[in-house]
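Peer 1: Mind looking over this structure? Questions follow.
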Amino acid sequence: MSRLQLSVGGVPAAHRLKALIWAIPAVLVVILLMTTYYTVPPDSQGVVLRFGRYSTTTESGLHFKLPFGIDTVEVVPVKRLLKLEFGFGTPDFTNEDQVADRREQALEESMVTGDLNAAQVEWVVQYRIDDPKLFLFHVRSPGQTLRDLSEAVMREVIGDRTVDEVITIGRQEIEERALQRLRELATDYQLGVKIDQLQLKNVDPPQPVQASFNEVNKAQQDRENMINVANGEYNKVVPRAAGEAEQKISEAEGYKLKRINEARGDAAAFQAVLTEYLKAPEVTRQRLYLETMADVLPTLAETWIVDDSVTQLLPMVQRGGKEVVK
């Protein structure tokens, strides 16, 4: 046999070798095309790593990179609001650091207040990734680190307050103080995140004493309600009484001014008459007598005035055609 011809499955080996030679470049071309571009979602940024080292950060959209694994891309959801839940967990969460396991949840919610009472505290931290480079490379497991910082801050703030403040009147102050402290620590640790909100959820005493605490809380609420009702009555009655008192005082002062002005007017009129009287006493006396009689006599229509020396006077008055003895 001058030439040995090998075949496999009826296909000459030469043909199979030729096909393999053509297939390898085709596969390389496909890999090249598949690894030279990437897409960043609208709510994210892409962190490009070249040989595993940070290279650049790209915005959302279609981008190109070096193929064959030279450049790799980490997509970071910088515009998405992420949250961490402590003491409880909602189902169907997408953030792997959002919820701890049930054993950890029971430990997270157990707090000791400043007056050495126990309380069960549930809270939520909402945050955004502010710097993708710091978030990925500055701290190992930044999500878990943020969880640890949040729990430490909450225990610190709760430990500075009484159980009544924690469960009733101090919730807003606790939220504000814990949020401020957590932001400071996130900046110091350079986590690359921005804390948007910290919100307390259920804050309750331990289950064995919860019924007694609810009774005490109800009594305090009833007390506050009675105080508010009393203050309402006070604010309604006292201003009205004060207004009435001011009104009476104003009326009295007005009456006082009226009497003073009348007295001054009478005194001025008397002084004027006295001045004229002193100028001509007889004339003034006669004028006063006549003016007085002019005022008095019209009121004495049925009265007769006689001299006291007259006796047995039977004046006859004609009225209606008959004689009437007065």
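The values are calculated or read from the model by the stated rules, or taken from the named source; none is laboratory data. It should be emphasised that the depicted structure is a prediction, and the values quoted were computed from it without experimental measurement. We place every Cβ from the backbone using ideal geometry, glycine too, and count neighbours over all the protein chains shown.
Peer 1: Collect the residues in segment 31-46 that are hydroxyl-bearing (Ser, Thr, Tyr) and in a loop (DSSP other than H, G, I, E, B), keeping them in residue-number order.
Peer 2: 35, 36, 44
Peer 1: Here is a follow-up. Only one of these conditions is not met by residue 183: (1) loosely packed, with under 13 Cβ neighbours inside 10 Å; (2) in a helix (DSSP H, G or I). Which number is it?
Peer 2: Single failed check for residue 183: (1).
Peer 1: When you scan segment 104-117, do you find a residue that is under 30 Å from residue 165 (Cβ atoms), touching a residue at least 40 places away in the same chain (Cβ under 8 Å) and either among the small types (Gly, Ala, Ser) or not assigned by TED's automatic domain parsing to the domain that holds residue 192 (or both), even just one?
Peer 2: Yes; the residues of segment 104-117 include at least one that is under 30 Å from residue 165 (Cβ atoms), touching a residue at least 40 places away in the same chain (Cβ under 8 Å) and either among the small types (Gly, Ala, Ser) or not assigned by TED's automatic domain parsing to the domain that holds residue 192 (or both).
Peer 1: Sticking with this structure for a sec: Can you name the residue in segment 47-66 that is more than 19 Å from residue 137 (Cα to Cα) and not in a strand (DSSP E or B) and is also nearest to the chain's Cα centre (by Cα) among such residues? Give the steps one after another, and end with the answer.
Peer 2: Filtering segment 47-66 for residues more than 19 Å from residue 137 (Cα to Cα) gives 60-66.
Subsequent filtering for residues that are not in a strand (DSSP E or B) retains 60, 65-66.
Numbers: 60: 37, 65: 50, 66: 53 Å.
That would be 60.
Peer 1: A further question follows. What residue, of 284, 311, is at pLDDT below 90, out of contact with any strand residue (DSSP E or B) (no Cβ under 9 Å at 6 or more places or on another chain) and not in a helix (DSSP H, G or I)?
Peer 2: 311
Peer 1: Same structure again: Just the residues that are surrounded by fewer than 13 Cβ atoms within 10 Å (Cβ to Cβ), touching a Leu at 6+ places or on another chain (Cβ under 8 Å) and β-branched (Val, Ile, Thr), please, taken from segment 61-97.
Peer 2: Within segment 61-97, no residue meets the criteria.
Peer 1: Which members of segment 71-117 meet the condition of being assigned to a strand (DSSP E or B), out of contact with any Phe, Trp or Tyr (no Cβ under 8 Å at 6 or more places or on another chain) and aliphatic (A, V, I, L, M)?
Peer 2: Once the filter is applied, which keeps residues that are assigned to a strand (DSSP E or B), out of contact with any Phe, Trp or Tyr (no Cβ under 8 Å at 6 or more places or on another chain) and aliphatic (A, V, I, L, M), segment 71-117 yields 75, 111, 112.
Peer 1: Going residue by residue through segment 118-128, is there one that turns out to be in contact (Cβ under 8 Å) with a residue 40 or more places away in the chain and assigned to a helix (DSSP H, G or I)?
Peer 2: no
Peer 1: Quick one: residue 166 ticks every box in (1) free of Cβ contacts under 8 Å to residues at least 40 places away in the same chain; (2) of a type in the set (A, V, I, L, M); (3) under 17 Å from residue 117 (Cβ atoms) bar one, so which box is it?
Peer 2: (1)
Peer 1: Moving on. For residue 7, which of the numbered conditions (1) modelled with pLDDT under 90; (2) out of contact with any helix residue (DSSP H, G or I) (no Cβ under 7 Å at 6 or more places or on another chain); (3) not hydrophobic (A, V, I, L, M, F, W, C) fails to hold?
Peer 2: (2)
Peer 1: Restricting attention to segment 186-242, which residues are in a helix (DSSP H, G or I) and surrounded by 11 or more Cβ atoms within 10 Å (Cβ to Cβ)?
Peer 2: Across segment 186-242, the qualifying residues are 186, 187, 189, 209, 210, 213, 214, 216, 217, 220, 221.
Peer 1: Next question. Does residue 234 fit the bill of being aromatic (Phe, Trp, Tyr) and within 28 Å of residue 141 (Cβ to Cβ)? So that I can check it myself, show each step before the final result.
Peer 2: On the way: aromatic (Phe, Trp, Tyr): yes; within 28 Å of residue 141 (Cβ to Cβ): no.
Considered against the rule, which asks whether it is aromatic (Phe, Trp, Tyr) and within 28 Å of residue 141 (Cβ to Cβ), residue 234 comes out as no.
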